[in-house]
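Read-outs throughout are calculated quantities, based only on the coordinates presented, and are distinct from any laboratory measurement. Keep in mind it's a predicted model, so treat the numbers as computed, not measured. Don't worry about glycine lacking a Cβ; one is built from the backbone with ideal geometry, like all the others, and counts go over all protein chains shown.
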Amino acid sequence: MRQGAGRGDGQAMVEFALVLAVVLSLVLGCTQIGLYALTRGTAITAAERGIYIAAGAAGSPTGPPATADVYSAIRSELQSGLVGATPAPMAPVDGVCPPLSASWPVGVVYVCAVAHPAAGTVEVAIRGWVSALVPPGFGLGSWRTGALAINIDDVVHSAVFAP
Amino acid sequence: MTGRHNGRRGEGAQSVVETALVLPFLIVLALGFAGAIFVLDATTELRSATGLATSAAFSVPYGATSQALFNINDTFQRSVSGPFLEPGSLRITCPPSEGNQYLYSATYQPDTVVSCQGTVTVSFSNNLIGLVWRWNVTLQQSAQLVAPPFRQCAPRVTC
């Protein structure tokens with residue numbers, strides 16, 4: 001009799017553990033997606049602001065601002081809106097903002113600004129990996145264990161003056 | 001004994017059936033929520049890119065309409081990116097029917113509005129969210145910017 005009751009309790013616990021794992025994954029997954037969207041939204045808005053700053057200065061005598069200037073203008077916005085990451089500046093390499101790399105640390109999102117005089121464009125990139133609560137399983141573009149990619153790249157044409 | 005044994009087995013079966021009934025609803029809810037969040041995310045991306053692209057109308061001297069339209073489209077194509085956007089669906093138009101005297105009229109008209117509409121299609125067909133979001137979502141955002149009061153003119157254009 002007692003054996004039967006014990007088996008019943010054990011079965012209930014196993015069932016509860018199974019259901020809890022599934023429900024917890026779903027809740028964490030939903031939370032993660034919400035936080036990811038919030039973080040991406042912050043990065044999109046910050047990049048837009050950064051590119052206006054960079055493009056506005058592109059036609060000035062001092063030329064387009066360096067990464068440090070754009071970064072200092074949008075840093076506080078990024079600091080308050082990034083979930084699972086902190087912002088940091090990244091200098092262009094050979095005149096190009098480096099593409100997102102799997103070797104970059106998780107939890108850091110880099111801001112890079114560069115002008116392409118030949119193409120007449122200014123570019124602001126916000127790239128990096130934010131920490132993830134659960135491994136993504138909803139088909140997100142690029143991901144690695146425990147991290148989700150932020151890869152925002154805005155390009156505008158700098159002002160051209162008539163001869 | 002046999003009756004009690006059958007009762008316990010019945011309870012076990014009942015809980016399995018209940019779980020099997022509830023779980024699909026939970027999964028559908030979670031996938032539906034995920035889809036809605038990504039559609040909102042794409043809307044943010046599209047609004048930002050449409051605004052940036054519209055501002056590219058002022059990157060060339062007044063009267064260089066084809067160059068302005070090229071810059072608008074180029075800025076838009078290079079600034080829109082998202083996990084579930086259909087690559088071929090990115091479009092931006094600034095039609096003459098919406099005013100846009102700055103782009104299309106023969107003489108410079110300050111304080112007129114440049115109005116562009118960006119369109120993207122969000123598709124979840126290649127991932128789990130597509131089990132719930134079985135249709136493509138086409139998003140549209142518009143941006144209006146007022147032409148600056150002073151502009152240089154392209155050669156052979158009256159300002």
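Details
- For the peptides A:105-113, A:91-99, B:63-71, residues were scored by their other Cβ atoms within 10 Å and the scores averaged per peptide; the highest-first order is A:105-113, B:63-71, A:91-99.
- A helix-only calculation puts chain B at -16000 deg cm²/dmol for mean residue ellipticity at 222 nm, using -39500 (n - 2.57) for each DSSP H run of at least four residues, averaged over all residues.
- Point-to-point label distance, B:Arg91-A:Leu20, nm (Cα→Cβ direction, 7 Å offset): 5.3
- When the convex hull of its Cα atoms is projected in every direction, mean area for region B:17-159 (nm²): 9.4
- Averaged over peptide A:148-159, the number of partner chain Cβ atoms lying within 10 Å of each residue's Cβ comes to 6.
- Mean partner shielding of peptide B:45-57, defined as the number of other chain Cβ atoms within 10 Å of each residue Cβ, is 4.
- Percentage relative contact order, region B:1-150, counting C-alpha pairs under 8 Å, at least six apart: 25
- Average other protein chain Cβ within 10 Å of Cβ, residues A:16-25: 2
- Relative contact order of region A:66-111, defined on C-alpha pairs under 8 angstrom at six or more residues apart (%): 44
- As a calculated quantity, the FRET efficiency between A:Met13 and B:Leu40 at R0 = 30 Å, using C-beta atoms, amounts to about 0.15.
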